[in-house]
Amino acid sequence: MADQRYLISGSDRYRVGSGELNTDIAYSGKETLSVAAHGGAKRFIVRANYTRSAENGTSPGHASFSATLAPSGEQRDESNGDPNYLTVLNQPFAVQLDAQTLRDLRRLQGGIPFDFPSPVTGGTLRGLLRRGASAKVAGRQTLGVAFDARGPMRGPLPDHPKMVLSGTISMHGIAYYELDTARLLALDATLTISGKLDNAKETSPVTIVYKRTLIAEGPALTIKEAATPPHPRP
């Protein structure tokens, strides 16, 4: 199977209290997804090269991830060298759907409940999955799948283990699967953590927002060729 290249971008925004911690980080780069037969399954390997930009300047970054996909559509992670959640294999949805699931999504009316592990803090997010509008991505026809989920959070902040947060975590966005191959070609997702930071002296408000966008490279690098529904709000 031919390799698939993606453009990747993202941002991390930390806001803690009144100036205790204010950080903005941006990511931009490319990644390549390779696919090979692996017994009765498929083995996916992705490698990414990107630039990380923050207040202290810019620096190059690299990420890798490998996973196998069973004929049933279940994705099993093998190795994770992607701490910033930038690769197509390290996202809430499988890189490729099985044929039956794709058919079910095309017939979906309204929303159906679904659960999935929180990609940052552990625990479980619960929400609704809905069919989005069709669109062209890299010149290929796709089906949009919108999602909106949330759940409680209590524990250390990502990248700041000494800071303990009590609050909520929510995720919303839309994924686009190619109709011919059922492969994930584009994703626009936002994860928001909000709550209170518990420490010995005071309780500080916290807001952390992670945004990630992936889009397949091809003749047309846009997902705006057909109308898409507005992103569901948390």
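A few notes on this one:
- With all protein chains kept in place, the per residue accessible area of the chain amounts to 50 square angstrom at a probe of 1.4 angstrom.
- ³J(HN,Hα), Karplus 6.51/-1.76/1.60, whole Hz, each residue of the stretch 145-151, x for Gly, Pro: 10, 8, 9, 8, 8, 7, x
- The chain, relative contact order [Cα under 8 Å, separation at least 6], %: 18
- At full extension, THR101 and ASN56 could sit 11.7 nm farther apart than now, given 0.36 nm per residue minus the alpha carbon distance.
- For the chain, size of Cβ-based charge dipole, Lys and Arg +1, Asp and Glu -1, in debye: 440
- Mean Cβ count within 10 Å, highest first, over the residues of peptides 103-113, 6-16, 88-98, 65-75: 88-98, 6-16, 65-75, 103-113
- Pairwise label distance in nanometres, THR207 with ASP180, each label 7 Å out on the Cα-Cβ vector: 4.3
- Between amide H atoms placed 1.01 Å from N, distances below 5 Å from ARG52 occur with SER59, GLY61, all of them 5 or more places distant or on a separate chain.
- When the Cα positions of ALA135, TYR85, LEU125 are compared along the charge dipole of the chain, ALA135 comes out farthest toward the positive end, with charges on each C-beta of Lys, Arg, Asp and Glu.
- Length released on extending from SER166 to ASP198, taking residue separation times 0.36 nm less the Cα-Cα span: 10.8 nm
- Amide H contacts of GLY123 (H built 1.01 Å from N, in plane; Pro and chain starts excluded): SER118 sit under 5 Å, all sequence-distant by 5 or more or on other chains.
- Calculated FRET efficiency for the pair ASP24/ILE112, C-beta based, R₀ 25 Å, to 0.05: 0.10
- Interchain or long-range residues, amide H under 5 Å from LEU129's placed H: ILE112, PHE114
- Carbon and sulfur %, accessible surface of the stretch 145-192 computed with the full protein complex present, 1.4 Å: 55
- Couplings 3J(HN,Hα) of the stretch 169-181, computed from phi: 10, 9, 9, 8, x, 8, 10, 10, 10, 5, 5, 6, 10 Hz, in residue order, whole Hz [Karplus 6.51 cos²θ - 1.76 cosθ + 1.60, θ = phi - 60°; x for Gly and Pro].
- Sulfur and carbon atoms: percent of accessible area, the stretch 1-142 [1.4 Å]: 48
- Rg ratio (alpha-carbon, reference 2.2 N^0.38 Å) - the stretch 1-118: 1.30
- Karplus-derived 3J(HN,Hα), 6.51/-1.76/1.60, for each residue of the stretch 86-91, Hz, glycine and proline x: 9, 8, 5, 7, 10, 10
- Each Cα pair under 8 Å and six or more residues apart adds its sequence gap; the mean of these over the residue count of the stretch 1-104 is a relative contact order of 19 percent.
- For the chain, a Gaussian network of Cα nodes joined below 10 Å ranks VAL137, VAL206, VAL164 by mean-square fluctuation, and the top entry is VAL164.
The values are calculated or read from the model by the stated rules, or taken from the named source; none is laboratory data. Note that this is a predicted model, so its numbers are computed, not measured. For neighbour counting, all protein chains shown are included, and Cβ atoms are generated from backbone atoms with ideal geometry for every residue, glycine included. SASA here: full protein model, heavy atoms, side chains in, ligands and nucleic acids out. Shrake-Rupley method; radii C 1.70, N 1.55, O 1.52, S 1.80 Å.
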